[in-house]
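Below: one structure, written as structure tokens.
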Amino acid sequence: MTYLITGGTKCGRSRLAETLLQQHDGCNYYIATMQPYGTSAQEAIARHREQRAGKGFVTLERYTRLDTVQVTAGCGVLVECLGNLCANELFGTEDPDHAAERILAGIRQLRQQAELLILVTSQVGADGIAYPPETMRYLSLLGEINCRAAAMADTVVECIYGIPVALKGVLPC
């Protein structure tokens, strides 16, 4: 089963994703993608680690190359979040032209290994603002990744003000 969970900032995406992962029996992995750049990122990472403490997740920090992650067959996997992963692949690698292919290959590989795959992403690009070219490239790439991940997912959920709304498939909770 594959879920794609999207929404704006502080809308309940992570809470829903972690709830779904905790319902899975067996080994559960939390793949964290936020790189610790600057004080605010380091504080956010520390806060996220504290929030996950005691939930029984095996945390893997993976900033790029999701396609190289190996997990236990039949496990649960939560990837938090595709927006960070996209930025890392686009701006932090020597091969940004293949960022989408690397991320999608990683998703496909994890789907083959895991019984449950939960992908958290950001809803971006709907504000209609024209940003600098590098930001527009990021928005376009994340939009493409989100569309292709949604096509692969069994269930797609948008969290709106803490309310999960199934856009495709059905939520178990």
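Counting the residues of segment 127-173 that are among the aromatic types (Phe, Trp, Tyr) and modelled with pLDDT under 95 gives 2.
On the stretch given as segment 94-124, residues that are modelled with pLDDT under 95 and in contact with a Ser or Thr (Cβ under 6 Å, 6 or more places away or on another chain) total 1. Checked against the criterion of being closer than 23 Å to Glu158 by Cβ and either hydroxyl-bearing (Ser, Thr, Tyr) or not in a helix (DSSP H, G or I) (or both), segment 81-95 has at least one qualifying residue. The requirement of being under 17 Å from the mean Cα position of the chain (by Cα) and either surrounded by fewer than 16 Cβ atoms within 10 Å (Cβ to Cβ) or among the basic types (Lys, Arg) (or both) is not satisfied by Arg47. Evaluating Ala32 against the criteria (1) of a type in the set (Gly, Ala, Ser); (2) crowded, with 20+ Cβ neighbours inside 10 Å; (3) farther than 20 Å from Ser122 by Cα leaves one unmet condition, (3). Gln109 meets each of the listed conditions (1) outside any loop (DSSP other than H, G, I, E, B); (2) free of Cβ contacts under 8 Å to residues at least 40 places away in the same chain apart from (2). Do we find that Val71 is among the β-branched types (Val, Ile, Thr) and modelled with pLDDT of 95 or more in this structure? So Val71 fits the description; yes. Just give me the residues in segment 130-167 being part of a helix (DSSP H, G or I) and either more than 19 Å from Asn84 (Cβ to Cβ) or in contact with a strand residue (DSSP E or B) (Cβ under 7 Å, 6 or more places away or on another chain) (or both), in sequence order. If the condition is that a residue be part of a helix (DSSP H, G or I) and either more than 19 Å from Asn84 (Cβ to Cβ) or in contact with a strand residue (DSSP E or B) (Cβ under 7 Å, 6 or more places away or on another chain) (or both), then Pro133, Asn146, Ala149, Ala150, Ala151, Met152 are the ones that fit.
The values are calculated or read from the model by the stated rules, or taken from the named source; none is laboratory data. Model, not experiment: these values are computed from the prediction. FYI the Cβ positions are ideal-geometry reconstructions off the backbone, even for glycines, and counts take in every protein chain you see.
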